[in-house]
Protein chains: 2
Amino acid sequence: MENYTIIPPQTGKAFTMKKGQILTVMDPQGKQVSDMVLFNLHDYGERISSGKTLDFEESILLTAGNTLWSNRSRKMVRISADTNGRNDFLLAPCSKETFEIMYDYHDYHPSCLENLTKNLEPFGITQDDVPTAFNIFMNVQFDVSGKISVLPPTSKPGDYVEFEALMDLLVGLTACSAEDSNGGTFKPIHYFIKDN
Amino acid sequence: MENYTIIPPQTGKAFTMKKGQILTVMDPQGKQVSDMVLFNLHDYGERISSGKTLDFEESILLTAGNTLWSNRSRKMVRISADTNGRNDFLLAPCSKETFEIMYDYHDYHPSCLENLTKNLEPFGITQDDVPTAFNIFMNVQFDVSGKISVLPPTSKPGDYVEFEALMDLLVGLTACSAEDSNGGTFKPIHYFIKDN
């Protein structure tokens with residue numbers, strides 16, 4: 001049994017990993033999204049880029065075998081395993097405004113943007129620096145007209161995605177806080193890092 | 001006849017506009033892409049966000065009636081007219097690495113990222129600050145498997161898109177430098193700004 005670190009529901013973590021190490025992100029109960037952002041550990045100006053990744057990978061959908069690229073056109077991680085197979089790289093992390101604008105909910109609501117910012121601030125990252133996240137297990141459907149629908153994840157308990165670091169990284173990772181993205185309930189996310 | 005400013009082929013411009021003004025971006029010869037990035041004129045940490053826009057607009061494809069949003073979940077511009085109807089907000093601006101990685105071209109090649117950076121640097125914007133652009137007239141096709149194909153634009157000579165500024169803006173705009181995005185030839189882009 002691997003020694004997982006637990007991200008409690010509606011929270012996040014930030015941590016570093018070295019080139020060559022493998023990060024496993026696991027959904028212990030199923031149907032739970034985890035937003036992931038990546039920064040070059042030695043120069044935070046370099047960060048994960050949806051626009052560069054979709055361009056170089058020539059695909060909106062990314063799974064085992066695909067690479068996630070930086071805004072400087074360099075490889076950050078390779079997806080080395082993906083037992084579920086559906087992730088999203090279109091939508092920005094949910095923020096308090098997401099709940100105000102899309103759900104007319106105006107009280108306090110935890111969000112991935114808040115949880116990423118809170119955990120990355122000790123490293124010197126500000127909220128404006130948080131890019132569009134790679135949304136592990138997020139089930140965003142689209143058709144050729146471009147219409148987007150967010151459905152519950154298809155992930156089952158124990159499903160996981162593995163990322164091999166292709167440079168030294170600072171990682172932000174959440175257990176997502178949005179009702180509609182997670183089948184209506186908030187579950188933890190587990191992760192661990194191992195040497196290759 | 002409007003007094004257009006000309007962006008020569010494979011170059012770019014940066015300029016400011018005030019809330020309420022309307023920017024018209026016109027393709028004088030047809031089949032020419034123009035990459036556009038937007039910053040809050042009074043705080044460059046706020047910039048155009050593909051991830052927030054696709055989320056709030058619930059669509060990958062954006063045309064007249066749609067709004068382009070910032071990373072702080074605020075409205076930057078409303079698309080008030082679009083005579084062509086096909087634009088892209090998936091792919092990052094072409095960079096010298098685009099030509100190296102995707103086309104195995106290793107000599108100097110102009111790029112939208114270089115042209116945006118060069119023109120925005122006098123305002124204090126660095127290359128790392130340049131976000132995924134809204135790619136006017138760019139014809140990126142995709143299917144439900146996620147597979148992306150870049151086809152020549154469908155724009156005809158004189159086609160234009162109008163953007164109404166919803167805040168004071170710093171704008172970066174190019175005549176795109178990538179062969180495959182522009183039907184193999186490089187043409188100018190014309191623009192003008194008028195009061196509403």
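Nothing in this text is a laboratory measurement; each read-out follows from the coordinates by a stated rule. These figures come from a predicted structure and were not determined experimentally. Reconstructed Cβ throughout: ideal geometry from the backbone, glycine too, with neighbour counts over all protein chains shown.
Overview of values
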{"item": "Single condition A:LYS118 does not satisfy, out of (1) within 11 Å of chain B (Cβ to nearest Cβ); (2) more than 23 Å from B:GLU58 (Cα to Cα); (3) touching a residue at least 24 places away in the same chain (Cβ under 8 Å); (4) surrounded by fewer than 23 Cβ atoms within 10 Å (Cβ to Cβ)", "result": "(1)"}
{"item": "Pairs with Cβ under 8 Å, 6+ apart, first in the stretch A:139-153 and under 16 Å from A:PHE89 (Cβ atoms) and more than 8 Å from chain B (Cβ to nearest Cβ), second among the basic types (Lys, Arg) and surrounded by 17 or more Cβ atoms within 10 Å (Cβ to Cβ)", "result": "A:ASN139/A:ARG86; A:PRO153/A:LYS31; A:PRO153/A:ARG86"}
{"item": "Options A:THR98, A:THR174: the member that is buried (at least 24 other Cβ atoms within 10 Å of the Cβ), within 9 Å of chain B (Cβ to nearest Cβ) and touching a residue at least 60 places away in the same chain (Cβ under 8 Å)", "result": "A:THR98"}
{"item": "So B:ASP104, is it within 16 Å of the chain's Cα centre (by Cα) and closer than 20 Å to A:SER70 by Cα", "result": "no"}
{"item": "Top-ranked residue of the stretch B:34-62 - restricted to ones that are without any contact (Cβ under 8 Å) to a residue 60 or more places away in the chain and more than 18 Å from A:SER149 (Cα to Cα), ranked as surrounded by the most Cβ atoms within 10 Å (Cβ to Cβ)", "result": "B:GLU46"}
{"item": "Residues of the stretch A:111-140 classified as out of contact with any Lys or Arg (no Cβ under 9 Å at 6 or more places or on another chain) and under 18 Å from A:GLY184 (Cβ atoms), total", "result": "2"}
